[in-house]
1. Scan the stretch 602-626 and report the pairs whose first residue is outside the structural domain of Y663 (by TED's automatic domain parsing) and assigned to a helix (DSSP H, G or I) and whose second residue is aromatic (F, W, Y) and at pLDDT 90 or above, with Cβ atoms within less than 9 Å and a gap of 6+ or a chain change.
2. I'd like to verify a number: residues in the stretch 303-353 that are out of contact with any helix residue (DSSP H, G or I) (no Cβ under 8 Å at 6 or more places or on another chain), closer than 30 Å to E283 by Cα and small (G, A, S), how many?
3. Check the stretch 278-294 and report whether any residue there is assigned by TED's automatic domain parsing to the domain that holds R412, touching a residue at least 40 places away in the same chain (Cβ under 8 Å) and under 17 Å from R365 (Cα atoms).
4. At pLDDT 90 or above and surrounded by 15 or more Cβ atoms within 10 Å (Cβ to Cβ) - does that describe any residue in the stretch 669-686?
5. Which count do you get for residues in the stretch 515-544 that are over 37 Å from the mean Cα position of the chain (by Cα), in a loop (DSSP other than H, G, I, E, B) and surrounded by 18 or more Cβ atoms within 10 Å (Cβ to Cβ)?
6. Across the stretch 413-429, which residue is modelled with the lowest pLDDT among those that are within 19 Å of I356 (Cα to Cα) and touching a strand residue (DSSP E or B) at 6+ places or on another chain (Cβ under 9 Å)?
7. Can you confirm whether G278 is at pLDDT below 95, at positive phi and either buried (at least 21 other Cβ atoms within 10 Å of the Cβ) or touching a Lys or Arg at 6+ places or on another chain (Cβ under 9 Å) (or both)?
8. Would you say L344 is touching a residue at least 40 places away in the same chain (Cβ under 8 Å), surrounded by 19 or more Cβ atoms within 10 Å (Cβ to Cβ), in contact with an Asp or Glu (Cβ under 7 Å, 6 or more places away or on another chain) and not β-branched (V, I, T)?
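The values are calculated or read from the model by the stated rules, or taken from the named source; none is laboratory data. In this text the structure is predicted, and so the values were computed from the model without any measurement. Here the Cβ positions follow ideal geometry from the backbone for every residue, glycine too, while neighbour counts run over all protein chains shown.
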Amino acid sequence: MREERLTPADRTRMHIPARRYNALIIAAGFGVFGVLTLTNAPLWDHRSPLELWVLAGLVIAGEMLPIRYTRNGEMSEVVTSTTFSFALLLSWGIAPALLAQVTASLVADLARRKSWWKTAFNAAQYAICLGAAHVVLQLTTGIPRAISPHFLPRDLPFVILAMVALLVLNLVVTGVGMALHHHRSITGFLRDDLSSSLFGDGVLLLLSPVSLIVAEVDLWFLLLLLVPLAGVYILTHENSKLVARLRRQADQNRHQALHDPLTNLPNRTLLQDRIQQGIFRAERDGHRLALMMMDLDRFKEVNDALGHHSGDVLLKQIAKRLRRALRQSDTVARLGGDEFAVLLPHVTDPSAAIAIAEKLAESLREPFAISELSLEARGSIGIALYPDHASDMGPLVQRADVAMYAAKNGPRSWELYATEQDQQSPGRLALVAQLRHAIDHEELVLHYQPKGELSSHRVKSVEALARWRHPRNGIMLPDDFIPLAEHTGLIRPLTLYALNSALKQCRAWEEQGLDLNVAVNLSPQSLLDLQLPEEVQGLLERWKVPATRLKLEITESSIMADPMRAMRVLNELSGMGIGVSIDDFGTGYTSLAYLKRLPIDEIKIDKSLVSHITTNQSDDVIVRSIVELGRNLGLEVVAEGVEDKATWDRLATFGCDTAQGYYLADPMTPNELASWLQGAGQQIQIPFRTI
């Protein structure tokens, strides 16, 4: 039965034998103490009581100051109190020896704040052991004797026999108690304890007759015996402190090697070990195991805007929340940067793992207080299960990672691994090859969605939107293949293909008499491509299109991925006369100070804010504020997601410049767009369509 499955009643029943044994020893020990102290008076004869008090004091000192040493890599200790209590037994009788030893044991244990039953047990076992030695001496020699010398050379074998009785009984009484308490084999425990303790305790006990002989010559000579004992105590005490310090350092080094220094969470090394152990137990017991990979969304923006110290504070707060959201048996680890992992060693089914993932996401929803600011943090969580998705650690980690990236591009904060997410699956590899073929053979087409000026109702620009005419799947939208291109290195040729097609079409429209600018979306990877400005310049020259005809749309997060590099690319593009627009504005962390530094001339308000301005007061206020902000900064403002006349009219009252959405028109092929515009003279007939 495993410890975590034991009930309180089970644990109580397991400790009953140890408790009964302790009660028996305590009763027997204090019984022996009472009988022997009441029936045996000390032998005073002609000796000075000073000897008695000195020996009694040494008993107490020996119990209070144990000699510590290392045994089997663990710290152990031995007391010298029995050395002098046995000397008292030899010279003064059992009563003084018992009184001194029991008093010393009670004083030492009370000073160390041991439990009452441990204190009573220790005193009782001393009484039993000294009582046994007393019986051996009485049966063999009659020691102690009232005349001097108190023992003779012929008594030595029997004195040693009494010592052995004391030592063996002490080890048996305490060893049985320890074995019962720790639920170990009694014979095995006694065998280990006897082999390691008997020699040391025996050597110290042999000093008893020596100390007594020295004391009989002159009590002050006893100090000569105490000098080596004191030296041993000092050396072992210093050694024990050194060992303890080295052990603490080793524990710290071991902890540091297995834990993240910032959050104190387990690191990748410890996580891998726990995954291996978890898979072993899951295979043995026949249950599932869940591994989650979590990456924080837009964490780099916090670092860039507030500094790395604030980012570190945020990571520590996130680590605490994740730990509180999990069970004690679960593991949350930091793998580096803003990436975390969660191991659930026992889950019943996928829904149980999903419930934990939702709980983790919920734990991050409350804002974090950082540098007197209230920040929000979101995470993308990928889930993979053993044995459902992988039977080994490597594939399990890889598939949780794949699911995490799927979550980043999905509508919710988590994703359960599915084969179609995996770039390495046969279907995924085939789709990559097909996309590469589509780019090379111009199977990708661009549709164009008009942007209408709210003041003049004229169309002066369009946004190019890629479509893939897949031979089996039909028309595929960007969300179906852009993430694939980003993760497979195809985004660069795809971007250049889109730019080339858009500029070629722009030239064709100009030859048809249509005055249209064209906007093309850039991915985060493209924005970091230092060769992009030169490539774009070449395309502009190839199709003889003025740079002012082209506008490149970027997102806030793509800028924050590497601000310095992105700024360099943007400055070169802007310097060529190309327009730059921030897409999905209002959903990121771009500060006003940073916004002023960007070489942009347009902001596009995200459709999630625009689509509800007629029904949601908060969105209405936010959109109005963004429009005013753009106008104050000299930027053109475009509203996305306009789907009805009420939204169009509301934006017009705000002073918004341009609108885009299904209320105006769907994305169209170049020929459809040309026919639509030429028929209206590029004048939008509002309402063009109704929803």
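1. Filtered contacts from the stretch 602-626: no entries.
2. 4
3. Yes: the stretch 278-294 contains one or more residues that are assigned by TED's automatic domain parsing to the domain that holds R412, touching a residue at least 40 places away in the same chain (Cβ under 8 Å) and under 17 Å from R365 (Cα atoms).
4. Yes, the conditions are met somewhere in the stretch 669-686.
5. Number satisfying all stated conditions: 1.
6. Across the stretch 413-429, the extreme among qualifying residues is S413.
7. So G278 does not fit the description; no.
8. Spelling it out, L344 is indeed touching a residue at least 40 places away in the same chain (Cβ under 8 Å), surrounded by 19 or more Cβ atoms within 10 Å (Cβ to Cβ), in contact with an Asp or Glu (Cβ under 7 Å, 6 or more places away or on another chain) and not β-branched (V, I, T).
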